[in-house]
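Notes for the one structure printed next.
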Amino acid sequence: MTGLKSDRIILHVDMDAFYASVEQLDDPKLMGRPVIVGADPKEGRGRGVVSACSYEARKFGVRSALPISQAWKLCPQGAFVPVRMERYIEVSKQVMEVLHRFTNLVEPLSIDEAFLDVSGSTALFGAPEQIARAIKKQIREATGLCASVGVAPNKFVAKIASDLKKPDGLVIVKQDEVEEFLRDLPISRLWGVGPKTEEKFLQLGIRTIGDLRAKPQGEQLNELAYGRDSRHVVPNWEARSISNETTFEEDTSDRELMLRTIRKLSESVGRRLRHEDFRARCITVKLRYEGFETHTKQTTLERPTHSDDEIVHAARMLFEQFPLDRKVRLLGVGSTDLTRSGQEPSQPGLFAEPANNDTLDRTVDAIRTKFGNDSLRRGSQLK
């Protein structure tokens, strides 16, 4: 198949430092600077974690999920910016639109990466390398951002390939090159091998994927060690959940503050549901006490919704079930069991949101998008 000698030609397209790159794109003053997306560091006293960071920030040891206070200590000169999820989703849709120009077999893994099966696209778009370069070029033209692409006979190898020459990378692995390509890579590159498993392998003298072939450790890992992966690209992937959470600046027992936070988080979830054209049937509230003990509660609604008022109501009812005998560190509101708007049952339920409520929600969305999240509060939302 045009150089790959395989029945399948799989691409893994991965946007480079996506959140941080969007921030640099929108604010040219951030170009070339270490950009850290996440909570307010408050000069090393902040709470929360790093959501994403630029390659410039990674040189200082900053990485995703690092406590924001530690990120500030590692890189106090960095540009710390808040998460703007609606903006990232907007750019993601532009990226996915480009990918669908080349094949209908597109499987997003998240808002910034996807698998493509272009096995049937070579007659229209040329050899695999031509397709990969065209995708990178069109993504840059559509968004101003760089993507890295791996091309291989299967998903496993394509995903590894896309990561090897970031940023702006392109790595092509032909079928007869797969075993050699994987042989000297560290064992941590295998799916399912986390830090603890890696440590066990190192104790057994297994440091590379090639080492694992000589000392098989299970059928699945052995198959991957030889680069064998029969999984198909599954199109029409849908988000499984939409959620938002916040870590308080100080552990709190202030119930009114927590209720206001529940409302704000619920409205953020509702806004994302509407933006992505989803409705949710299940609402979840997560609460983390001081000491990091975490609990969740969930409720199933009569019918799917994206109404702020309905999500707030459900989240508050769940919140009231938690004992507040200790201070609280974190609150989160999530939505699951998602369906596309228009796919919910046609018969209105007793508590279906009125059309005027939906219009109001969308009007508020538009105002907040233009003027900021804190630019508007409805009179009924004081608590």
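The values are calculated or read from the model by the stated rules, or taken from the named source; none is laboratory data. These numbers come from a predicted model, not from an experiment. Every residue, glycine among them, receives a Cβ derived from its backbone with ideal geometry; neighbour counts consider all protein chains shown. All accessible areas refer to the heavy atoms of the entire protein, side chains included, with ligands and DNA or RNA removed. Shrake-Rupley method; radii C 1.70, N 1.55, O 1.52, S 1.80 Å.
Listing for the model above:
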item: Every pair of residues 6+ apart whose Cβ atoms lie under 7 Å, when the first sits in the stretch 54-71 and is farther than 20 Å from Cys146 by Cβ while the second is open to solvent by less than 40 Å² (accessible area, probe 1.4 Å) and of a type in the set (A, V, I, L, M, F, W, C); result: Phe60/Cys75; Ala65/Val50; Leu66/Val50; Ile68/Ala39; Ile68/Val50; Ala71/Ile36; Ala71/Val50; Ala71/Val62
item: Residue check for Met31: at pLDDT 95 or above, surrounded by fewer than 17 Cβ atoms within 10 Å (Cβ to Cβ) and not polar (S, T, N, Q); result: yes
item: Residue check, Arg279 touching a residue at least 60 places away in the same chain (Cβ under 8 Å), among the basic types (Lys, Arg), open to solvent by 10 Å² or more (accessible area, probe 1.4 Å) and over 14 Å from Glu245 (Cα atoms); result: yes
item: Close pairs from the stretch 25-38: first farther than 14 Å from Val83 by Cα, partner assigned to a strand (DSSP E or B), Cβ under 7 Å, at least 6 apart; result: Leu30/Ala79; Arg33/Ala79; Pro34/Ala79
item: Candidate set: the stretch 245-255, residues that are out of contact with any Gly (no Cβ under 7 Å at 6 or more places or on another chain) and surrounded by 14 or more Cβ atoms within 10 Å (Cβ to Cβ); chosen: the one nearest to Leu185 (Cα to Cα); result: Thr246
item: Residue under evaluation Lys155, criteria (1) closer than 26 Å to Pro216 by Cα; (2) surrounded by fewer than 19 Cβ atoms within 10 Å (Cβ to Cβ), criterion not met; result: (2)
item: Unique match (being open to solvent by 20 Å² or more (accessible area, probe 1.4 Å) and closer than 30 Å to Pro153 by Cα) among Ala39, Ala127; result: Ala127
item: Matching residues, the stretch 319-337, being closer than 25 Å to Asp277 by Cβ and open to solvent by less than 30 Å² (accessible area, probe 1.4 Å); result: Gly332, Val333, Gly334, Ser335
item: Search result, residues across the stretch 179-190 that are open to solvent by less than 80 Å² (accessible area, probe 1.4 Å), out of contact with any helix residue (DSSP H, G or I) (no Cβ under 6 Å at 6 or more places or on another chain) and either in a helix (DSSP H, G or I) or under 30 Å from Gln138 (Cα atoms) (or both); result: Phe181
item: Tabulated pairs, the stretch 239-262, first closer than 30 Å to Thr339 by Cβ, second part of a helix (DSSP H, G or I) and among the charged types (D, E, K, R), C-beta under 6 angstrom, 6+ apart or interchain; result: Ile242/Arg272; Ile262/Arg316
item: Count of the stretch 217-262 residues which are charged (D, E, K, R) and in contact with a Leu (Cβ under 9 Å, 6 or more places away or on another chain); result: 5
item: Residues located in the stretch 147-188, provided they are under 17 Å from Ser230 (Cα atoms) and basic (Lys, Arg); result: Lys155, Lys159, Lys174
item: From the options Lys215, Lys297, residue that is more than 30 Å from Gly205 (Cβ to Cβ) and open to solvent by 50 Å² or more (accessible area, probe 1.4 Å); result: Lys297
item: Unique match (being in a helix (DSSP H, G or I) and closer than 30 Å to Gly270 by Cα) among Ser69, Ser51, Ser64; result: Ser69
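Condition check ((1) farther than 23 Å from Val171 by Cβ; (2) of a type in the set (Gly, Ala, Ser); (3) within 22 Å of the chain's Cα centre (by Cα); (4) open to solvent by 60 Å² or more (accessible area, probe 1.4 Å)) across all residues:
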| site | (1), (2), (3), (4) |
| --- | --- |
| Met15 | no, no, yes, no |
| Val62 | yes, no, yes, no |
| Leu66 | yes, no, yes, no |
| Glu90 | yes, no, yes, yes |
| Val95 | no, no, yes, no |
| Glu107 | no, no, yes, no |
